[in-house]
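Structure first, commentary second.
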Amino acid sequence: MPPQISIVPDNILRSSDRQSLNRIPSTFDWEIWGPMSNVIGELRDSHGLHRKAWEYGTCVLGLNKLASLDEGSSILATGAGSDRPLFYYANRCKAVFATDLYDESQSEGASRMLTEPQRFAPFPYAEDRLHVERMSPLDLRFEDNSFQAAFCLSSIEQFGSRDNQRLAMQEMARVLKPGGIVCIVVELILNNEKHPKYFRLDGLEKVFFTHKNLKLVGGELDLRVQKSLFDYPCDLRDPKGRDKSPHIVLTDGSVIWTSLSMFLQKTGV
């Protein structure tokens with residue numbers, strides 16, 4: 001039976017031992033002095049409970065666990081913007097390649113990132129190891145089998161059609177070394193509404209789970225949603241509410257959505 005989204009009472013989720021890396025966030029991921037809190041601190045990110053901080057933290061925790069990353073490793077990010085893991089891994093790996101079209105003047109993908117990435121850095125980093133390039137995710141200008149790891153955090157929705165998104169996945173798989181890991185985070189719809197960009201559960205299969213040389217690793221999909229977050233999502237129509245914490249499950253008045261992390265491993269050449 002395929003996995004289903006389930007709304008779970010807070011007390012049950014609080015006591016659950018959620019081991020899978022492929023899952024939806026909850027407030028209970030922020031254990032006091034726990035792995036998520038610690039890595040978010042290393043990334044100098046939000047003091048609140050924020051979906052984007054969780055995405056960064058999950059990416060780092062998952063890649064550190066699943067990928068063999070060291071001073072000789074190279075990492076790729078597509079739709080990279082100025083994501084904090086770029087700077088984190090620049091201090092730990094041989095090379096980090098941030099690719100994006102960088103067309104938007106005001107956003108995470110600000111064009112200034114192409115020429116002055118240090119302006120976006122939340123902490124000092126090895127500037128000679130971070131390479132920022134304007135590049136389409138559908139046509140990555142890298143050789144096959146070049147990277148130990150890759151990530152794309154809530155950006156694949158911006159790549160156009162589902163066919164384009166599938167092509168972007170194929171490109172990331174092509175440039176990964178055999179055994180390499182890609183972290184993908186998408187915006188997942190939790191109710192029965194539709195959205196032109198966000199994913200419904202039944203739309204994940206075509207884009208992410210039909211590639212012959214990519215397999216899900218790090219656990220089965222854990223699609224349990226914290227009931228209090230679902231019942232009281234952060235309403236982005238409310239200027240005051242959008243800055244409140246927890247900022248994890250969101251709504252625009254009809255669609256309710258949150259993040260879903262997925263880790264896939266390249267199984268062939």
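Side notes on the structure shown:
- Summarising the amide proton neighbourhood of ILE75: residues at separation of 5 or more, or on other chains, whose placed amide H is nearer than 5 Å comprise ALA95, VAL96, PHE97.
- Within region 134-165, backbone nitrogen closer than 18 Å to the virtual label 7 Å beyond the Cα of GLU193 toward Cβ: none
- Gain upon complete extension [ASN91, ARG112; 0.36 nm per residue less C-alpha separation]: 5.4 nm
- Here the label points at ASN64 and VAL269, each 7 Å from Cα along the C-beta direction, are separated by 3.4 nm in the simple model.
- Projecting the Cα atoms of TRP30, GLN19, ASN64 onto the charge dipole of region 1-110, computed from C-beta unit charges around the Cα centre, puts GLN19 farthest toward the positive end.
- Overall shape of region 144-251 was characterised from the C-alpha gyration tensor. The equivalent ellipsoid obtained from it has semi-axes of 30, 15, 14 Å, in decreasing order.
- Over 22 Å between alpha carbons, listed pairs LYS52/LYS94; LYS206/LYS266; LYS197/LYS240; LYS177/LYS215; LYS65/LYS266; LYS52/LYS244: LYS52/LYS94; LYS197/LYS240
- Note that region 23-88 carries a Kirkwood radius of 12.6 Å, evaluated over its alpha carbons pair by pair.
- Alpha-carbon centroids, region 1-75 and region 182-244: separation in whole Å: 14 Å
- Derived scalar couplings between HN and Hα for region 234-242 equal 5, 8, 6, 7, 9, x, 6, x, 5 Hz in order, rounded to whole Hz, by the Karplus curve 6.51 cos²θ - 1.76 cosθ + 1.60 (θ = phi - 60°), x for Gly and Pro.
- Think of region 152-269 as having a plus end and a minus end, set by charges on the Cβ of Lys, Arg, Asp and Glu; of LEU201, SER228, HIS211, HIS211 sits farthest toward the positive end of this dipole.
- Annotation: amide H-H contacts under 5 Å for ARG224 (H modelled 1.01 Å from N, sequence separation of 5 or more, or interchain): SER6, ILE24.
- Degrees, to the nearest 10: 51-66 long Cα axis against longest axis of the chain: 60 degrees
- Derived scalar couplings ³J(HN,Hα) [region 12-27; Karplus, 6.51 cos²θ - 1.76 cosθ + 1.60; whole Hz; x for Gly, Pro]: 6, 5, 4, 8, 7, 9, 8, 8, 5, 7, 9, 6, 9, x, 9, 5
- Cα shape, region 102-174, gyration tensor, a/c 1.5 rule: oblate
- Across all Cα atoms of region 47-164, the radius of gyration (one decimal) and Dmax (whole number) stand at 13.7, 40 Å.
- For the chain, the mean residue ellipticity at 222 nm estimated from helices alone is -6000 deg cm²/dmol, where every DSSP H run of n ≥ 4 contributes -39500 (n - 2.57) and the total is divided by all residues, rounded to the nearest 500.
- Spin-label model distance (nm) - SER6 vs THR27, 7 Å beyond Cα toward Cβ: 2.2 nm
- ASP103-ARG134 pseudo-label distance in nm [points 7 Å out on the Cα-to-Cβ vector]: 1.2 nm
- Residue among ALA168, ALA98, ALA126 with the largest mean-square fluctuation in a Gaussian network model of the chain, springs linking Cα atoms under 10 Å: ALA126
- Remark: the chain carries a charge dipole of roughly 320 debye about the Cα centre, counting +1 on each Lys and Arg Cβ and -1 on each Asp and Glu Cβ.
- Nearest-ten-degree value, helix 162-175 long axis tilted from longest Cα axis of the chain: 50 degrees
- Amide H partners (placed H, <5 Å) of GLY180, local residues excluded: LYS266
- Taken one residue at a time, the phi angles of region 124-136 give Karplus couplings (6.51, -1.76, 1.60, θ = phi - 60°) of x, 8, 6, 5, 6, 9, 9, 10, 9, 9, 7, 7, 6 Hz. Gly and Pro are set to x.
- Mean projected area of the convex hull spanned by the Cα atoms of region 61-124, taken over all viewing directions: 4.4 nm².
The numbers here are math on the coordinates, done by the rules we state, and not lab data. Because the structure is a prediction, the values reported are computed rather than measured. No Cβ is skipped: glycine too gets one built from the backbone with ideal geometry, and neighbour counts run over all protein chains shown.
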